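The values are calculated or read from the model by the stated rules, or taken from the named source; none is laboratory data. As the structure is a computational prediction, the values presented were derived from the model and not from experiment. With ideal geometry, Cβ positions are generated from the backbone for all residues, glycine too; neighbour counts draw on all protein chains shown. Ligands, DNA and RNA are stripped out before the accessible areas are found, and what is left, the full protein with its side chains, is counted by its heavy atoms. Shrake-Rupley method; radii C 1.70, N 1.55, O 1.52, S 1.80 Å.
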Amino acid sequence: MKEKLEKLFFSMKSLSIFTVLSAVGLLLSYSVRYGYVYVDNVLFNYASFAFFIFSVISTLFLFAMLLLKIKSNPFTMKRPVKACIFIGELAGILMILYFAIVLITDSGTSASTAFYLCKKALPVWCAAVFGAFFLFIFPLLKNIKIKKIISVLSVSVLAFVTYASLFPVSRYSFTSGPVVFDNGNGGYSIVFSTNDKGTGFVDYSYGGKNIRIYDENNGRKNGQSTIHTVILPKDHLSGNTYRVGSTRVIDELSYGGRTGKTIESAEYTFNDSFGDNINILSVSDWHTFNKKAETAVKELGESYQAVALLGDCAPGLMSEKDIVNYILKFGYDLTNGSMPVIYTRGNHETRGREAIKLADCLGMDNFYFTTALGNYKIIVLDSCEDKEDSHPEYGGMVDYKQYRTKMVKWLESLQNEDNTKTVVFSHSKEICIEEDLSSLAFHKFNSMNVSLLVSGHEHICDFDNCSNIPTLVDGGINSNGKGTFTASLMKFSPKGIEILCTDNSGKTVFNDSVEWQGVSD
Ligand SMILES: [Fe+2]
């Protein structure tokens with residue numbers, strides 16, 4: 001037994017394997033460090049980071065012991081040293097377990113974040129691991145054939161990395177077709193994406209002229225993003241056809257630069273000329289489950305002319321890819337660039353290092369605004385986060401109390417003197433976590449004769465009469481049992497709003513209607 005344990009934990013082979021596992025564990029656990037906050041909440045502040053630093057030291061220690069073992073140094077056979085080796089090996093396994101637990105507990109919805117953080121840390125990790133290998137282990141290898149194979153492989157990888165840093169290695173292409181967002185500022189933002197950085201433009205004809213509008217800022221084309229946002233006046237796009245295009249930007253310099261291939265899409269036809277009857281698709285809380293949400297939309301079995309995306313596309317916005325994969329691709333799959341999309345920010349779009357860029361990407365000045373679909377007025381509100389600004393999950397990066405106060409002040413300034421049929425979109429049905437602000441908002445809804453509040457956030461499909469405003473809580477993921485998704489269709493007509501909610505298995509979850517408020521006919 002003693003011999004077996006000796007072999008399992010302290011032989012050269014075991015030490016090599018545990019050193020590699022520990023190094024891999026470091027990279028993996030660091031890639032899911034968004035889970036630190038939950039561990040720290042249970043233990044103490046910076047507990048996870050302290051464990052990470054300890055793991056760095058223990059990995060270095062394992063590596064040093066491996067070197068001594070290769071050199072047959074008897075130091076590694078001392079009892080206290082063996083105890084330290086065992087603790088180091090245990091720490092390596094714990095890091096890998098931590099990685100697996102973090103990924104499993106949120107059903108893989110944060111996998112894209114983990115991948116992004118892993119990719120970011122990879123160059124430093126590779127430099128450390130391969131640097132240590134070539135400095136200390138490689139010279140000790142005795143087998144010439146293995147040395148030659150490692151040398152050839154290393155030179156090949158270096159040559160490829162050098163080439164890829166100078167020239168593009170993949171064909172330039174679109175990663176998402178266009179999504180037409182109502183930007184709340186009287187215009188449309190046509191947003192699409194490509195697999196590399198480039199400029200973006202939209203081509204269309206208007207008033208007998210061919211027009212090309214670029215994604216630009218004060219005359220300077222934006223060439224440093226894979227997301228391209230072109231803003232057009234609404235009347236230029238209404239009932240019109242358009243194409244989107246992009247030119248790859250390889251290098252942008254203070255003098256000169258290099259551009260690559262220009263690509264252009266097929267033609268899209270856009271329609272926002274609604275009659276009295278409009279079907280509006282509403283989807284909330286898809287949390288990276290695009291396909292499941294799309295299945296629920298198909299199960300509704302009805303056509304629609306506009307889309308309300310009520311927020312919570314992913315756990316957070318950590319990179320442009322999150323915006324591309326979970327907002328743009330999703331919006332494009334639902335609309336094919338042919339109808340307006342009204343975006344309501346969810347609390348999870350307020351998180352992550354890319355969250356600050358979301359408004360720019362969607363061509364919006366504010367996430368709260370009023371707009372219209374045909375004869376119907378829509379008030380879009382931004383409920384932001386659902387906990388106090390000081391909550392550790394926000395890492396000291398939010399100031400939503402002031403923002404919500406400003407939003408409610410703006411809401412109070414709105415008028416509805418002509419009694420236009422009005423609906424409110426807000427990710428959270430509370431509107432504000434501050435009770436006083438929330439009651440001011442609902443008071444205003446009553447005075448403006450708001451007929452329906454459409455919200456999400458709760459992952460249930462529900463309909464109630466909070467504060468005397470009929471409220472639809474649009475389902476989202478797991479809203480009708482684990483693994484389900486519920487989407488909603490709102491049929492606006494002069495008589496009222498018929499609401500149909502269906503899950504991804506085709507089961508009707510809710511079907512009823514509400515009347516317009518304050519309308520005499
Ligand atoms: Fe939410």
Rounded FRET efficiency, nearest 0.05, which uses the C-beta distance separating Phe49 from Ile149 and R0 of 35 Å: 0.35
Per the Kirkwood definition applied to all pairs of different Cα atoms, how many angstroms is the hydrodynamic radius of region 290-428? 16.4
Mean ellipticity per residue at 222 nm, deg cm²/dmol - from DSSP H runs of n ≥ 4 across the chain, formula -39500 (n - 2.57): -11500 deg cm²/dmol
Rounded tilt (10° steps) of 144-166 against the dominant C-alpha axis of the chain: 30
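State the percent of C-alpha pairs, over all pairs in region 93-152, separated by a distance greater than 16 angstrom. Intermediate values should be presented prior to the final figure.
On the way: 1119 of 1770 pairs.
That fraction is 63 percent.
I'd like to compare 278-290, 252-264: which one has the highest average count of other Cβ atoms within 10 Å, and what's the full order after that? If you can, show how the numbers build up before the last one.
Numbers: 278-290: 24.5, 252-264: 11.1.
Highest-to-lowest ranking by the protection proxy: 278-290, 252-264.
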With the other protein chains left in place, how much accessible area per residue, in square angstrom, belongs to the chain at a 1.4 angstrom probe? 49
Of the options Thr371, Gln402, Thr350, report the single residue whose Cα projects farthest towards the positive end of the charge dipole of region 278-515 (beta-carbon charges: Lys, Arg +1; Asp, Glu -1). Thr371
Can you compute the modelled spin-label distance between Ile93 and Thr241, with each label point 7 Å from Cα toward Cβ, in nm? 6.6
Which percentage, to the nearest 5, of the DSSP beta bridges contained in the chain is antiparallel? 75
Take the solvent-accessible surface of the protein heavy atoms, probe 1.4 Å, and return the percent of it on region 165-262 that carbon and sulfur atoms account for. 48
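Is there a quick way to get the dipole size of the chain? I mean about its Cα centre, with the Cβ of Lys and Arg at +1 and of Asp and Glu at -1; what is the value in debye to the nearest 20? Could the numbers behind the result be given before it?
Values: 49 positive and 52 negative charges, 814 e Å.
Taking the Cα centre of the chain as origin, the dipole is about 3920 debye.
Over the alpha-carbon set of region 368-497, divide Rg by the Kirkwood Rh and report the Rg/Rh ratio to two decimals.
Details: Rg = 15.4 Å, Rh = 15.7 Å.
Expressed as Rg/Rh, it is 0.98.
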When all alpha-carbon pairs of region 193-267 are counted, what percent fall beyond 19 Å? 37
Compute the Rg to Rh ratio over the chain from the alpha carbon atoms, using the Kirkwood formula for Rh, and round to two decimal places. 1.06
Angle, helix 435-447 long axis vs. longest principal axis of the chain, Cα atoms, 0 to 90°, nearest 10? 30
By average C-beta atoms within 10 angstrom, highest first, the peptides 352-365, 13-26: 13-26, 352-365
Which length gain, in nm to one decimal place, applies between Ile137 and Asp464 when the Cα-Cα distance is subtracted from 0.36 nm times their residue separation? 111.0 nm
Cα-only radius of gyration and Dmax that characterise region 2-166, units Å: 18.0, 56
For Cys118 and Arg79, what does the FRET efficiency come to when R0 = 60 Å and r is the distance between their Cβ atoms, rounded to the nearest 0.05? 0.95
Charges on Cβ only, +1 for Lys and Arg, -1 for Asp and Glu, centred on the Cα centroid of the chain; of His391, Tyr255, Val37, which one is farthest towards the dipole's positive end? Tyr255
More than 20 angstrom separation, counting every C-alpha pair in region 155-225; what % is that? 49
Between 0 and 90°, nearest 10: helix 290-300 axis offset from the chain longest Cα axis: 30
Using a 10 Å cut-off on Cβ atoms, rank the peptides 439-448, 218-227, 334-343 from the highest mean neighbour count down. 334-343, 439-448, 218-227
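For region 278-515, what % of the accessible area comes from carbon and sulfur atoms, probe 1.4 Å? Working shown, then result.
Numbers: 4090 of 8940 Å².
Carbon and sulfur atoms account for 46 percent of the accessible area of region 278-515.
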Please work out the C-alpha center-to-center distance from region 179-250 to region 61-136 and express it in whole Å. 47
In Å³ and rounded to a whole number, note down the convex hull volume per residue for the Cα atoms of region 278-515. 116
Where does region 81-191 land on Rg/Rh, using Cα atoms and the Kirkwood Rh? 1.15
Determine the dipole magnitude for region 394-494: charges of +1 sit on the beta-carbon of Lys and Arg, -1 on that of Asp and Glu, nothing else is charged, the reference point is the Cα centre, and the result goes in debye to the nearest 20. 220
Please state the charge dipole magnitude for region 2-166, taken about the Cα centre, from unit charges on C-beta atoms (+1 on K and R, -1 on D and E), reported in debye and rounded to the nearest 20. 840
Got a number for carbon plus sulfur as a percent of region 6-136's accessible area, 1.4 Å probe? 79
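Expressed in nm to one decimal, what extension gain is obtained for the pair Asp333 and Ala64 from 0.36 nm per residue of sequence separation less their Cα-Cα distance?
Details: separation 269, 0.36 × 269 = 96.84 nm, distance 5.32 nm.
Between Asp333 and Ala64, full extension yields 91.5 nm more.
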Considering the options Met318, Gly506, Phe425, tell which one lies farthest towards the positive end of the dipole of the chain, charges being +1 on Lys and Arg and -1 on Asp and Glu at the Cβ, about the Cα centre. Met318
